[in-house]
Amino acid sequence: MKKRIISIKKLGRVSNLIVIFIILFLLSLTLLLPQEKAPITKGEIEIIAHSQEKNGEMIFARGNVELHYKNILLLADSIQLNTKTKDVFAEGNVVIHLPGEVVSMEAINFNLDSSQGSLQRAHGIMQPTVFYEAESVERKNENLYNFKNARFTSCTQPVPRWNFSCSKANFKKDDYVEMWNSVFSIKKIPVFYFPYMRYPLGKEKSTGFLMPQLGYSGRKGITYSQSFYWAIKRNMDATFGLDYYSTRGIGGGLEYRYLFSKADGGNLKLYYFNFKDNPELQFPEYAYIIRFNHNQSLPMKFTLVADVDYQSSYDFLREFDNNFNRAVVSNRRSQVYLSRSWSYFNFNARLSRFETYFTQKENGIINKSTPEVTFSSSKIKLFSPLYFSFYSSFKRWEYGWESDYEVQKQKHSESLAFVPVFTIPFTSIPWITLNSSLSSNFTYYFQSYAPNTKTIVDEPLLRKNYTVNFEAVGPVFYKIYFDRENKPKLKHIIEPSFSYRYDSPVSVSDRIITSLYFYRNHYLRYGLTNRFLFKKKGMPKEVLSLGISQTFYLAPEESPLSHYRVNGEIPEFSDVSGYIRFYPLSKYSIDFSAGFNPYHTTFSSLRLGANFGSPGDALFARVNWYKSINPYYETALWNRHQVSFFGGAKIPGLSLEAQTEIDFNIKEREILYSALALVYHYQCIDFKGDLRIFYFREKPEVQFRISLGLGNIGKTTDFLGGLGF
């Protein structure tokens, strides 16, 4: 009996559940019952709603209203539609679906044909993935919107990582959003204020401000860098930059890039810095930098190339340029040259000025060509096996220390030269290559040294001599190594080389004006090269090569070594030069070279370059080590011993990228420069910070900078920038 009572109770509970289910089902059916449709002809407009009525040309619909018209879907609590003008007013939970766009709002006045109207309290998404909220939106057409009191972001989080708020804005589809009185905020914290801000939306580069860069330096104070990018045309653009140093002054830069064709284009960089008045620090009034390169095709197949790298002060670069490689090199150059090649002939004309400054001497060497014109030919076959070529030139040049120019005592000369060359190559035997040539040298000098002096006089000289040259590569030996399947795997090639050159003596050599000194070539040069080739994908690839060579001077008293002495004697043998190059993969390499002096039994030069990966890889590193000395002199300006490292890594798990650079002077046992740059990817925002320490400057300087990256807005890179991504 008890069990039956329990069963009846269970049955009662089940009955209650069935009743509840039936009620819910009936309610659902009422929602799914066919709703009224407005009697609109031709199916142009379709309205679905709980209730609707028509009064003349007006339709009034309420309750979960859906309006379908062409590619427009409008959802709202209530809608008023003029079927003649296609004007519609909707309010209450309004959502409009347009091609590539969805907007939610409280109310809308809209024309279905023109797609123009006003939206109240709207929020939506625009392609490509830009979210916005606005007090009101005026839709001018399908591509142009006006916003009032709006907020924009490309972050998808409920509380965006960053956003721009503004009093008014214009939006052009797939192009830009421009804002007035804009405030940039991270989370809810205001960071920057921009009177005007332009945010690019398209894939193409767009005009607008880049994100600024803030920093601090103990010597320069608070630093601020801001750039404005101008997308002039598809083939040209410009970047305007501003650098502010609170204790030093303010600078402005322009970089203009243009490309008219594959061969015609160039780049212009201008920078001007105005120093701040400071009685405690001695600064010049201003400094400037000009960097320009240009390539231009001219009529008759001539090509014009211009290259300028000039700065008003080497001290300015050393103290302000944040690129270590530029800051420590004191060079100026300006040159323009015209060239043309046709058939067997080549023409070149050049005007140039090169200057190298030596801080140890507080003086610089200047080399000018005003101008240098050459006309030459490649080898022209006369008859087998004889070939003919020639070289001719006109040169006007000046050379000397800057102090020599100031007193008009620099070296200078003008000359005309013609050098015909007859060559006999021999390649009939595959394991040996022979080349022999005979040339005559005719050079007319418009100036010369007065006899037994170094005084330049306008007395012409004619130099006549001849040159015999012989080169041989081989006999070549090789051996092929096979794998277990008896397929060729490795090929080892041994190539001995030998060359002989004889320049006949010149009777007036002591009167010929040269930038340094006149010397005559009479030598034997010999060497040995080993090459290792692996077969990859059916093609041989050289992955390792080793070489060694030396020169023996048969006339040492007129050779380049004639100014050196070893126990009172002029050396006859040059340094022994050797190298090792290892390229196992395209992104991995080791390049080592050395020079060994046999008289002082010491290395005159050592160089090592090692590359692992590239900056685009998850991990990369570059090492450069260089040592050079002149063993014939205890002290020399060119003696160096340095090592540099540049590397980086990407850590996806931490959303972090890092790059570091360090340069160390082994000779002086001091660090010259070190830098560390980090980028943290925080979903839709990038934080970048870099720390640089400039030990080589007059007073060591520590500099720290930070910047942000936001979606399509790039980061400002200062004109004098260095390490970066």
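None of the figures in this text is laboratory data; all of them are computed from the coordinates on show. All figures in this text were calculated on a predicted structure; none of them were measured in a lab. Because the Cβ atoms are built from the backbone with ideal geometry, glycine has one as well, and the counts that use them run over all protein chains shown.
Couple of notes before you dig in:
- Calculated FRET efficiency for the pair residue 46/residue 546, C-beta based, R₀ 60 Å, to 0.05: 0.15
- FRET efficiency for residue 54 and residue 656, using Cβ-Cβ distance with R0 set to 45 Å, rounded to 0.05: 0.10
- Net length gained if the chain between residue 489 and residue 258 were fully extended (0.36 nm per residue, minus Cα distance): 78.3 nm
- Estimated inter-spin distance, residue 146 and residue 307, nm [label 7 Å along Cα→Cβ]: 5.4 nm
- A straight Cα-to-Cα reach below 21 Å connects residue 627 with the lysines 667, residues fewer than 8 places away in its own chain not being considered.
- Cysteines of the chain lacking any other cysteine Cβ under 4.7 Å from their own Cβ: 166.
- For the chain, calculated [θ]222 nm from helices alone, where every DSSP H run of n ≥ 4 adds -39500 (n - 2.57): -2000 deg cm²/dmol
- Separation of the residue 630 and residue 353 label points, Cα + 7 Å toward Cβ, nm: 2.7 nm
- Note: relative contact order over the chain, using C-alpha pairs below 8 Å and six or more positions apart, is 6 percent.
- Net length gained if the chain between residue 614 and residue 403 were fully extended (0.36 nm per residue, minus Cα distance): 71.5 nm
- Within segment 358-397: backbone nitrogen closer than 18 Å to the residue 340 label point (7 Å, Cα to C-beta): 372-378, 392-394
- Where labels lie 7 Å past Cα in the beta-carbon direction, separation of residue 180 and residue 125 in nm: 3.1 nm
- Full extension of the chain between residue 82 and residue 232 yields a length gain of 49.5 nm, computed as 0.36 nm times the residue separation minus the alpha carbon distance.
- Under 27 Å from residue 411, Cα to Cα: lysines that are on another chain or at least 8 residues apart: 361, 368, 395, 454, 464
- Local net charge near residue 78, Cβ-Cβ under 11 Å (Lys/Arg +1, Asp/Glu -1): -1
- Within straight-line cross-link reach of residue 188, lysines at Cα separation under 21 Å, skipping those fewer than 8 residues along the same chain: 148, 168, 688
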